[in-house]
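The structure under discussion appears below in the form of structure tokens.
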Amino acid sequence: MILLRLFGEFFLTGLFAFGGGLATLPFLYSLGERTGWFQASEVVDMLAVSESTPGPIGINMATFAGCKTAGIPGGIAATLGLVAPSIIVIVIVAKFLARFKTHPLVQNTFYGLRPASTGMIAAACLGIVKVTLLDWALFQETGLWGDLFNGKAILLAAVLLIAVRLTRKHPVIYIAAAAAAGILFQIE
Amino acid sequence: MDRLKAYLDLFLTFVRIGALMFGGGYAMLPLLQRELVEKRQWTDEEELADYFAIGQCTPGVIAINTATFIGMKQKGVPGALAATLGMVCPSLIIITIIFMFIRNFMEYAAVRYAFNGIRACVVVLIGDALFKLMKSAIKDRWTLGIFLAVFLLMSATSLSPVLLIVAAGFAGCVIQALKGGGRA
């Protein structure tokens, strides 16, 4: 029963992939190799689509891989499999925390966790800057400072930053405006 | 009926977040701040930082972990299920449609340009959200030190985030013990 196997494989992925959606990538490669359900080049396509469509990247990839393997029911089975361990683990953690929240040990742990979590978000943000506002890969290849900066994208980001700070509308408004600007100015 | 309405509210809130987040789990941060902290006041910046910390050091997709946690806090296990299903729904629908109809949609130049614009926007939105979060997470020079250490290690090395999170939690306990003789 392929749906059951899909569920099982993605359940294991969800259980062992630490550090967010991108951490599921190596699992997908190995799954494709072991089962022949899809190929490595197809995993790259899945990643490109998953990164550029809304929703969590890990979930998008699971849906895509499941669809590829067994159609729409496969997409649903893979996604539910990926999500199931999260639900189980988080429900247990939340119950534990609700009971021990005021314990000094838990409080002190979170005193250290909060800046660490923020530091990780800052690092992720820098990672996106490297591929959007800067062209880090091209710069390392050519060594030319002119190749490092993506002028159009930086200009767009600067305008958006001012708009966000001044107007404080729903994020989707800025996203829609940015998409339109991208097409209008042909941002690479 | 009121319970059902609360579950539906959770479900729809996360459908909205799932449909509007581009670029993975971190892109959910500005949306969470807007929906949960500013609009609903279900939580505050500090708790949101806790959710993210937990989402990062537990297995699975960060966005799903965070959604499950918030649902659980609001309405127990059924709330956790409602929030998680809401988060997953837009992905299932959008990816299935792309899979069925527009397999190579990234090959259209206009689509590529649009997404390059969106990425620049995501940087700004995450940066702005990050700034708000830093104000609640960085309270003294110790927490500033942890922030900088994790930022540098994550950017420059390939250390596991789990390791860093565990170390930071441990450091938090040690610092507090040094500061207040063991009292929080």
Seminar exercise, completed: Reduced to Cα centres, the span from segment B:1-68 to segment B:111-131 in Å works out to 19
Problem set entry | chain B, relative contact order in percent, only Cα pairs under 8 angstrom and at least six apart counted | 25
Exercise. From the square roots a ≥ b ≥ c of the eigenvalues of the alpha-carbon gyration tensor of chain A, which class results: rounded (a/c under 1.5), prolate (a/b over b/c), or oblate?
Worked result: oblate
Problem set entry | Cβ neighbours within 10 Å from other chains - mean over A:159-167 | 3
For this session: Let me know the Rg and Dmax you get for segment B:1-135 when you use only its Cα atoms, in Å.
Result: 15.8, 49
Exercise. Where in chain A are the DSSP H helices whose C-alpha atoms run 18 Å or more along the long axis and whose mean Kyte hydropathy is at least 1.6?
Worked result: A:2-16, A:151-167, A:171-184
For this session: Work out the FRET efficiency for A:GLN186 and A:PHE100 from their Cβ-Cβ distance, taking R0 = 56 Å, and round it to the nearest 0.05.
Result: 0.55
Problem set entry | 5 angstrom amide H check on A:PHE149, placed H, neighbours 5+ away | A:ASP135
For this session: Quickly work out the A:LYS169-to-B:LEU178 label distance, labels modelled 7 Å from Cα along the C-beta direction, and quote it in nm with one decimal.
Result: 4.8
Problem set entry | Label-point separation in nm, B:ALA6 to A:GLU33, each point 7 Å along Cα→Cβ | 4.8
For this session: Determine the sum of side-chain charges near B:ASP2: Lys and Arg each +1, Asp and Glu each -1, restricted to other residues whose C-beta is under 15 angstrom from that of B:ASP2.
Result: +2
For this session: Please work out the FRET efficiency for the pair A:LEU138 and B:ARG40, using the Cβ-Cβ distance as r and a Förster radius of 41 Å; give the result to the nearest 0.05.
Result: 0.40
Exercise. Once the protein assembly as shown is represented by equal point scatterers at the alpha-carbon sites, with solvent omitted, what log10 I(q)/I(0) does the Debye formula produce at q = 0.12 Å⁻¹?
Worked result: -0.92
Exercise. Which lysines does B:LYS5 reach when only Cα atoms under 19 Å apart count, and residues fewer than 8 places away in its own chain are ignored?
Worked result: B:LYS39, B:LYS73, B:LYS75
Exercise. In debye, nearest 20: dipole of the protein assembly as shown around its Cα centre with unit charges on the Cβ of K, R (+) and D, E (-)?
Worked result: 1080
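Here, each number is a calculation from the coordinates, and none is a lab measurement. Since we're looking at a predicted model, the values are computed, not measured. Note: ideal-geometry Cβ built from the backbone for every residue, glycine included; neighbour counts use all protein chains shown.
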